[in-house]
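Student: I'd like to ask you about the structure that follows.
The values are calculated or read from the model by the stated rules, or taken from the named source; none is laboratory data. The structure presented is a predicted model; accordingly, all values stated were derived computationally and were not measured. A quick note on method: Cβ atoms are made from the backbone with ideal geometry, for glycine too, and the neighbour counts reach across all protein chains shown.
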Amino acid sequence: MLAQLFWASNFVVADRVIAEFTPLELTWLRWVGAVPILLVVAWWLEKPRWRDALREWPLHLLQALLGMVGYTLFLYSALDTTSPVTASVITALNPAVIAIAAVIVLHERIRRLGVIGIVVSFAGVLVVVLTGQGVDGGLGFVPGDLLMIGAISVWTAYVITSRRLTTPPITATAIQAVMSAVVLTPVVLVVGAPGLTEGASAEAWWGLAWIIVFPSALAYLFWNIAVGTLGASKTGVFLNLLPVFTAAIALLFGDVITIGQLVGGAIVLAGVYLTTRPGATTAPSIIVAPDIAPDSAPDEDAPSDPARRE
């Protein structure tokens, strides 16, 4: 559960840090800082063959642009107007969106229970979004909610394309973090980094340090240890705790949790349970990814690589 706790903290801590660092700055600094830690963790746990891993560089680059640059930029931009709890609840919709994408792209089939779960998940998100942020007690949504839809969309593309990778997960994360830092560096040089040039507060730097060490590095370490101990399917169940942990951390930081967020979040979790339980989807008898051999195809019951949710 430590991995989910650290990922949940990213929503709340980033919500504070984004006041002093732009989303672009925060995304760039996050991966620049996480690179050395991820490289050490990858070497320690996986002892990778770096040359073999780098042969997949086009796919790693695509994954970096989708999962690390795209998702993180959408998330941090969203937190400028939406709350951490609402963002985490919308993020919890990922399994339903991935299931729909798997039907379209991978030709998987969703059974009736899975369809019900998807409908329930979307209904829960609508409850959270349409009840607003608890500011005036009125109905409506903010631009950040739409940006979170963009976030889960690029993350879905990330998950679908990740099925072609053969590189070990932490090694892949480290390589993609390097690529993300390299790609974003010239953009930051052109656009500028006001948080660095104008000077951020000590609290902002401590928040950045937390994001680098815990959601970006240690969460992946603990996640992979859990997968090795409990198995992927059992470990994946704990991903449903992300909105719960986010709400708990937000309360500790003094945020207000609305009734709509509580009710909608519970509905989303119920839908996610129905969507991800064994037998909700079935894979076709043919190999959907032409470059994956039958004996190396991913476990259909295993959860998707967790969001660098970072």
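Student: Out of Leu113, Leu62, Leu73, I need the residue that is farther than 25 Å from Ala14 by Cα and either part of a helix (DSSP H, G or I) or free of Cβ contacts under 8 Å to residues at least 12 places away in the same chain (or both). Which one?
Tutor: Answer to the selection: Leu113.
Student: Would you check which residues across the range 180-211 are in contact with a Lys or Arg (Cβ under 6 Å, 6 or more places away or on another chain) and over 12 Å from Ala19 (Cα atoms) and list them?
Tutor: Of everything in the range 180-211, just one residue is in contact with a Lys or Arg (Cβ under 6 Å, 6 or more places away or on another chain) and over 12 Å from Ala19 (Cα atoms), namely Ile211.
Student: Have a look at Ala102, Ala96, Ala92, Ala42 and point out the one that is buried (at least 20 other Cβ atoms within 10 Å of the Cβ) and modelled with pLDDT of 90 or more.
Tutor: Result of the check over Ala102, Ala96, Ala92, Ala42: Ala42.
Student: Out of all the residues in the range 1-48, which are acidic (Asp, Glu) and not in a helix (DSSP H, G or I)?
Tutor: Listed by number, the list holds a single entry, Glu20.
Student: Let me ask something else about it. From (1) in contact with a helix residue (DSSP H, G or I) (Cβ under 6 Å, 6 or more places away or on another chain); (2) modelled with pLDDT of 95 or more; (3) within 30 Å of Ile110 (Cα to Cα), pick out the condition that doesn't hold for Trp28.
Tutor: Evaluating Trp28 over (1) in contact with a helix residue (DSSP H, G or I) (Cβ under 6 Å, 6 or more places away or on another chain); (2) modelled with pLDDT of 95 or more; (3) within 30 Å of Ile110 (Cα to Cα) leaves (3) as the failure.
Student: Within the range 194-205, can you find the residues that are surrounded by 12 or more Cβ atoms within 10 Å (Cβ to Cβ) and part of a helix (DSSP H, G or I)?
Tutor: Correct list: Pro194, Gly195, Leu196, Glu203, Ala204, Trp205.
Student: I would also like to ask the following. Within the range 138-176, can you find the residues that are within 24 Å of Val125 (Cβ to Cβ) and part of a loop (DSSP other than H, G, I, E, B)?
Tutor: If the condition is that a residue be within 24 Å of Val125 (Cβ to Cβ) and part of a loop (DSSP other than H, G, I, E, B), then Gly138, Leu139, Phe141, Val142 are the ones that fit.
Student: Which one of Ala53, Ala123 is touching a His at 6+ places or on another chain (Cβ under 9 Å) and part of a helix (DSSP H, G or I)?
Tutor: Within the list Ala53, Ala123, the selection yields Ala53.
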